[in-house]
Amino acid sequence: MEIIMNEIITKLGRIGIVPVVALEDSKDALDLGKALMAGGIPCAEVTFRTAAAEESIRILTKELPDMLTGAGTVLTTEQVDRAVGAGAKFIVSPGYNPKVVDYCVSKNIPVVPGCSTPSDIEMAIEAGLDVVKFFPAEAAGGLPMIKAMSAPYGNVKFMPTGGINSSNICNYLAFNKIVACGGSWMVDKKLVAAKNFDEITRLSKEAVDTILGFELAHVGVNIDDADGAAKDADRLQQLFGFARKDGNSSIFAGSGLELTKVKFPGANGHVAIKTNSIDRAMFHLEMRGAKFDMDSAKKDEKGNIKAIYLTEEFGGLAFHLVQK
């Protein structure tokens with residue numbers, strides 16, 4: 001199960017948000033799935049709280065094979081069989097049910113059980129799991145509780161669900177022990193009942209933009225000469241008070257202008273965009289058709305990408321991402 005589980009968790013982590021969906025009518029499943037995909041969220045946890053769950057999963061996995069569809073609120077092994085038979089790629093439970101977890105592990109089915117205490121986590125570890133759901137997240141202590149519980153269990157990561165919304169999701173995702181967050185604010189049952197799928201798409205896009213947190217970092221000006229860059233930096237400091245800061249390959253004038261000493265990408269210069277997560281930003285930008293120059297990637301000591309250029313230019317300006 002480890003390889004399959006890792007693939008599922010990696011993708012969920014790059015998406016960042018797992019919509020928790022409760023469908024009363026399976027006829028709404030396809031439109032809802034399309035709305036989520038259009039909003040940039042190609043995954044869904046369809047809960048077994050309703051009778052429409054099994055058929056909804058079957059429709060989503062058949063009609064939208066690029067969507068990562070799982071089953072949530074799974075309480076019995078019988079529901080596991082129904083969910084997997086319908087095409088669910090992963091199982092999520094609200095609590096730690098040893099029978100359900102052992103059954104999934106024995107059949108190589110990725111499972112993320114609900115855990116809200118150290119005892120729950122230790123049972124998950126004993127079962128060979130290293131990713132658990134933290135539920136109900138806000139009611140059970142929120143991010144402080146996750147941080148406290150994670151300290152003794154260095155290899156365990158969490159998928160908090162319950163009370164997560166657009167105002168607190170970034171706080172959760174900023175903690176490196178959190179893979180992704182489950183939420184339902186973009187798939188409110190009232191919106192589904194009203195068949196307001198355009199609003200679901202809008203809220204999904206808004207949620208993605210929130211977690212990516214794109215901001216302008218700086219603009220690079222092509223000087224391509226160390227003396228010229230120093231001269232211009234001094235003049236900008238004289239004129240505007242932009243403090244000069246020398247680097248190996250460029251000089252910054254304040255925090256917003258980078259004057260290059262050597263040739264950088266971009267016919268006329270470059271623009272740096274800050275993001276909360278480069279890995280997650282790359283996934284979502286690739287969904288939007290962007291491509292990246294992997295040879296341009298700069299990595300930290302752990303091998304994580306901290307800066308990378310897109311392959312396309314805009315008005316002669318190259319664009320690259322930088323980690324906040």
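The values are calculated or read from the model by the stated rules, or taken from the named source; none is laboratory data. Please read all numbers here as calculations on a predicted model, not as lab measurements. No Cβ is skipped: glycine too gets one built from the backbone with ideal geometry, and neighbour counts run over all protein chains shown.
State which residue is modelled with the lowest pLDDT when the search covers only the range 75-125 and only residues that are of a type in the set (Ser, Thr, Tyr) and crowded, with 23+ Cβ neighbours inside 10 Å.
That would be Ser116.
For the range 263-273, state whether one or more residues are surrounded by 12 or more Cβ atoms within 10 Å (Cβ to Cβ) and among the basic types (Lys, Arg).
No, every residue in the range 263-273 fails to be surrounded by 12 or more Cβ atoms within 10 Å (Cβ to Cβ) and among the basic types (Lys, Arg).
Which residue out of Asn196, Asn176, Asn165 is more than 23 Å from the chain's Cα centre (by Cα) and not assigned by TED's automatic domain parsing to the domain that holds Ile278?
Just a single option satisfies the conditions, and that option is Asn196.
Of the residues Ala226, Ala233, which is over 25 Å from Lys324 (Cβ atoms), surrounded by 14 or more Cβ atoms within 10 Å (Cβ to Cβ) and assigned by TED's automatic domain parsing to the domain that holds Ile273?
Going through Ala226, Ala233 in turn, the sole match is Ala226.
I'd like the residue in the range 284-302 that is charged (D, E, K, R) and in contact with a strand residue (DSSP E or B) (Cβ under 6 Å, 6 or more places away or on another chain) and, out of all such residues, is nearest to Leu212 (Cα to Cα).
It comes out as Lys291.
Ala83 - would you say it is more than 23 Å from the chain's Cα centre (by Cα), part of a helix (DSSP H, G or I) and assigned by TED's automatic domain parsing to the domain that holds Val21?
yes
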